[in-house]
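Taking it in order: structure first as C-alpha cells, then the write-up.
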Amino acid sequence: MKRIDVITRPEKLVGLKEIFATHNCPGMTALSVMGCGRQHGYLPEMNFMGDDINLLPKILVFAVVEDEEVEGLLADISTAIGTGTNGDGKVFVTDVLDAMRIRTNERGSDAIK
Ligand SMILES: Nc1ncnc2c1ncn2[C@@H]1O[C@H](COP(=O)(O)OP(=O)(O)OP(=O)(O)O)[C@@H](O)[C@H]1O
Ligand SMILES: [Mg+2]
C-alpha cells in the first residue's frame, strides 16, 4: 500500500475525489492548508499587503491505495489537475506498513477496499 498526498489548488477537490474513486479508493481525507513552493507564495495579484504574504491557500488530499494503482493515479492527476502554471501542486508517495478497519479488524489491503 502507498499513501498519496496531493497538495494543490482548492478548486481541484471534486476532481481529485473522482480520480481516487476510479482507482479503487473509496476513502480519502482532505484538509485546508496554507503553503508555498518555489515562488515563495508570491502572486502579483495577491500582494496587496506587501511581501509579508508568503503562504497561499491549498488543499491537502491524502488517500491510501494499492501499489498497482499508483502510476495510473499519478497520470490521471497530472491530466486532470495540471494547468501547466506555477502552483499546480505536488504529489508525494510514501509506503504504508499496515491499515485496520476499526469496525471489523480487517487488516492491510482488506481495510482500504
Ligand atoms: N517540498 C515540499 N514539501 C512540502 N510541501 C510542498 C513542497 N513543495 C510544494 N509544497 C506544497 O505544494 C504547494 C504547491 O506547490 P507548487 O506547485 O507551487 O510547487 P513548486 O515547486 O513551486 O512548483 P511550480 O514551480 O510549478 O509552482 C505549496 O503551496 C506547498 O503547500
Ligand atoms: Mg510554485
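The values are calculated or read from the model by the stated rules, or taken from the named source; none is laboratory data. The structure displayed is predicted, hence computed values, not measured ones. A quick note on method: Cβ atoms are made from the backbone with ideal geometry, for glycine too, and the neighbour counts reach across all protein chains shown. The area values use the complete protein model at the heavy-atom level, side chains included, leaving out ligands, DNA and RNA. Shrake-Rupley method; radii C 1.70, N 1.55, O 1.52, S 1.80 Å.
In the full protein context, the chain carries 65 Å² of accessible surface per residue, based on a 1.4 Å probe and ignoring ligands, DNA and RNA. Distance between the 7 Å Cα→Cβ label points at E66 and A30: 2.5 nm. Ratio of Rg to Rh for segment 53-113: 1.08 [Cα atoms; Kirkwood radius as inverse mean 1/r over pairs]. Surface composition of segment 2-112: carbon and sulfur atoms hold 56% of the protein heavy-atom accessible area at a 1.4 Å probe.
Charging the Cβ of each Asp and Glu at -1 and of each Lys and Arg at +1, and nothing else, the dipole of the chain about its Cα centre rounds to 280 debye.
If you take the alpha carbon atoms of the chain and fit the smallest convex hull around them, that volume is 113 Å³ per residue.
Taking R0 as 35 Å, what's the FRET efficiency between E11 and I102 from their Cβ-Cβ distance, rounded to 0.05? E between E11 and I102, to the nearest 0.05, is 0.60.
By the helix-only formula, in which each DSSP H run with n ≥ 4 contributes -39500 (n - 2.57) and the sum is divided by residues, the chain has a 222 nm mean residue ellipticity of -6500 deg cm²/dmol.
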